[in-house]
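Engineer: So that we are looking at the same thing, I have put the structure below in structure tokens.
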Amino acid sequence: MSGWAPKRFWTDAVAEPCEGGFGVRLDARPVRTPLKAPMVLPTLAMAQAIAAEWQAQTGAVNPATMPCTRAANSAIDNVARQFDAVVAMLAAYGDTDLLCYRATDPDPLISRQTAAWNPLLEWAADRFGAPLNVTSGVIPVAQPTTSVTMLHAEIARLSPFQLAAFHDLVAISGSLVLALAVIHGRLAPNEAWALSRIDEHWQAELWGDDDEASVLAERKHRDFLQAHRFYALCR
């Protein structure tokens, strides 16, 4: 049996001010989250982006075509309700950051990682007072407790809406440092994406592209860029 999906019942989706921020109205009906919470958004730009997603729906509503709506729902229904736990989960990436784990061979790949990733670790050490240790291979390396604490404090400064976007930037790239570099303007999102894929690009250069892997990578890339877009709409 196919799942039920709501069908379009409205004529116009409109962004407008509401108590505490901005909302989206479908004709006379305000949009609510799946948990029936009021969808109160931090900026008019975000409300307009979500209104545009609702306005673009035809027939059955397709959440897959509504990334800003889904991110806002997550921020309100999940992140805001479990804020401290989400912050702690993301801070834990500082213990296993992609940039800290280097190849053991061959030398050209090691050199490529060093040239690309070391400047970002130096930036994080300077910007956040959070130097991180680097190792070769996959055996875990302990990170300074002070560094992890400083990174935790930095993440905790984000709003629930920012944190929802930041979560995806971290989870998709595998790097807390890359995600921080994106939201602080140290890297453009496409630059950060490319730096997170150094190992995969190396393998593709050696063995050629794998069609299935390429399709998955393209989807992750789109999701990474969308997370950055949602983060930008928070301000």
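Engineer: Among the listed residues L99, L163, L90, identify the single one that is touching a Phe, Trp or Tyr at 6+ places or on another chain (Cβ under 6 Å) and buried (at least 16 other Cβ atoms within 10 Å of the Cβ). Break it down into steps so the answer makes sense when it comes.
Structural biologist: On the way: L163 fails: touching a Phe, Trp or Tyr at 6+ places or on another chain (Cβ under 6 Å); L90 fails: touching a Phe, Trp or Tyr at 6+ places or on another chain (Cβ under 6 Å).
Unique residue meeting the criteria: L99.
Engineer: Given (1) hydroxyl-bearing (S, T, Y); (2) outside any loop (DSSP other than H, G, I, E, B); (3) over 22 Å from D168 (Cβ atoms), identify the lone condition not met by T69.
Structural biologist: (3)
Engineer: Next question. Pairs only if they're at least six apart or on different chains, beta carbon under 9 angstrom, first in region 113-133 and part of a loop (DSSP other than H, G, I, E, B), second hydroxyl-bearing (S, T, Y) and surrounded by fewer than 18 Cβ atoms within 10 Å (Cβ to Cβ); list them, first residue then second.
Structural biologist: Every condition considered, the pairs that remain are G129/T146; A130/T146; A130/T149; P131/T146.
Engineer: Looking at (1) modelled with pLDDT of 95 or more; (2) in contact with a Ser or Thr (Cβ under 8 Å, 6 or more places away or on another chain), can you tell me which one V87 breaks?
Structural biologist: Going through the list (1) modelled with pLDDT of 95 or more; (2) in contact with a Ser or Thr (Cβ under 8 Å, 6 or more places away or on another chain), V87 breaks only (2).
Engineer: Suppose we filter region 172-216 for residues that are modelled with pLDDT under 95, part of a helix (DSSP H, G or I) and small (G, A, S); how many remain?
Structural biologist: Of the residues in region 172-216, 3 are modelled with pLDDT under 95, part of a helix (DSSP H, G or I) and small (G, A, S).
Engineer: Right, next: Given the conditions (1) within 24 Å of the chain's Cα centre (by Cα); (2) under 22 Å from L163 (Cβ atoms), report the number of the one that C18 does not fulfil.
Structural biologist: Exception for C18: condition (1).
Engineer: Here's a follow-up. Within region 56-76, count every residue that is surrounded by 16 or more Cβ atoms within 10 Å (Cβ to Cβ) and either among the polar types (S, T, N, Q) or in contact (Cβ under 8 Å) with a residue 40 or more places away in the chain (or both). Walk me through how you get there before you give the answer.
Structural biologist: Our first condition is that a residue be surrounded by 16 or more Cβ atoms within 10 Å (Cβ to Cβ); within region 56-76, this holds for 57, 61, 66-76.
Then keep just the ones that are either among the polar types (S, T, N, Q) or in contact (Cβ under 8 Å) with a residue 40 or more places away in the chain (or both); that gives 57, 61, 67-69, 71-76.
Residues that pass the stated criteria total 11.
Engineer: Suppose the filter is closer than 24 Å to A227 by Cβ and either at pLDDT 95 or above or not assigned by TED's automatic domain parsing to the domain that holds H228 (or both); does A45 pass it?
Structural biologist: Details: closer than 24 Å to A227 by Cβ: yes; either at pLDDT 95 or above or not assigned by TED's automatic domain parsing to the domain that holds H228 (or both): yes.
Spelling it out, A45 is indeed closer than 24 Å to A227 by Cβ and either at pLDDT 95 or above or not assigned by TED's automatic domain parsing to the domain that holds H228 (or both).
Engineer: Also, quick follow-up: Do the conditions hold for D107, that is, is it acidic (D, E), at pLDDT below 95 and assigned by TED's automatic domain parsing to the domain that holds V138?
Structural biologist: On the way: acidic (D, E): yes; at pLDDT below 95: no; assigned by TED's automatic domain parsing to the domain that holds V138: yes.
When the stated conditions are applied, D107 does not pass them.
Engineer: Please go through region 119-141 and give me each residue that is out of contact with any Ser or Thr (no Cβ under 7 Å at 6 or more places or on another chain), more than 24 Å from D199 (Cα to Cα) and surrounded by 12 or more Cβ atoms within 10 Å (Cβ to Cβ), ordered by number.
Structural biologist: Of everything in region 119-141, those that are out of contact with any Ser or Thr (no Cβ under 7 Å at 6 or more places or on another chain), more than 24 Å from D199 (Cα to Cα) and surrounded by 12 or more Cβ atoms within 10 Å (Cβ to Cβ) turn out to be R127, F128, G129.
Engineer: When you look at R219, is it part of a helix (DSSP H, G or I), under 25 Å from V79 (Cα atoms), in the same structural domain as A91 (by TED's automatic domain parsing) and among the basic types (K, R), yes or no?
Structural biologist: On the way: part of a helix (DSSP H, G or I): yes; under 25 Å from V79 (Cα atoms): yes; in the same structural domain as A91 (by TED's automatic domain parsing): yes; among the basic types (K, R): yes.
For R219, the condition - part of a helix (DSSP H, G or I), under 25 Å from V79 (Cα atoms), in the same structural domain as A91 (by TED's automatic domain parsing) and among the basic types (K, R) - is met.
Engineer: Moving to a separate point now. Answer yes or no: is there a residue in region 26-45 that is at positive phi, touching a Ser or Thr at 6+ places or on another chain (Cβ under 8 Å) and part of a loop (DSSP other than H, G, I, E, B). Give the steps one after another, and end with the answer.
Structural biologist: The initial filter retains those residues of region 26-45 that are at positive phi, namely 27, 36.
Those left that are additionally touching a Ser or Thr at 6+ places or on another chain (Cβ under 8 Å): 27.
Of the ones still in play, those that are also part of a loop (DSSP other than H, G, I, E, B) are 27.
Scanning region 26-45, I find at least one residue that is at positive phi, touching a Ser or Thr at 6+ places or on another chain (Cβ under 8 Å) and part of a loop (DSSP other than H, G, I, E, B), so the answer is yes.
Engineer: Given T145, T104, T149, which one is surrounded by fewer than 17 Cβ atoms within 10 Å (Cβ to Cβ), touching a Gly at 6+ places or on another chain (Cβ under 8 Å), over 30 Å from R229 (Cβ atoms) and among the β-branched types (V, I, T)? Please lay out each step first, then the result.
Structural biologist: Working: T145 fails: touching a Gly at 6+ places or on another chain (Cβ under 8 Å); T149 fails: touching a Gly at 6+ places or on another chain (Cβ under 8 Å).
So the residue among T145, T104, T149 that is surrounded by fewer than 17 Cβ atoms within 10 Å (Cβ to Cβ), touching a Gly at 6+ places or on another chain (Cβ under 8 Å), over 30 Å from R229 (Cβ atoms) and among the β-branched types (V, I, T) is T104.
Engineer: Filter region 53-74 down to the residues that are closer than 21 Å to A232 by Cα, of a type in the set (A, V, I, L, M) and touching a Ser or Thr at 6+ places or on another chain (Cβ under 8 Å) and list them by number.
Structural biologist: A72
The values are calculated or read from the model by the stated rules, or taken from the named source; none is laboratory data. Computed from a predicted structure; not experimentally measured. All Cβ positions, even for glycine, are placed from backbone atoms using ideal geometry, and neighbour counts span all protein chains on display.
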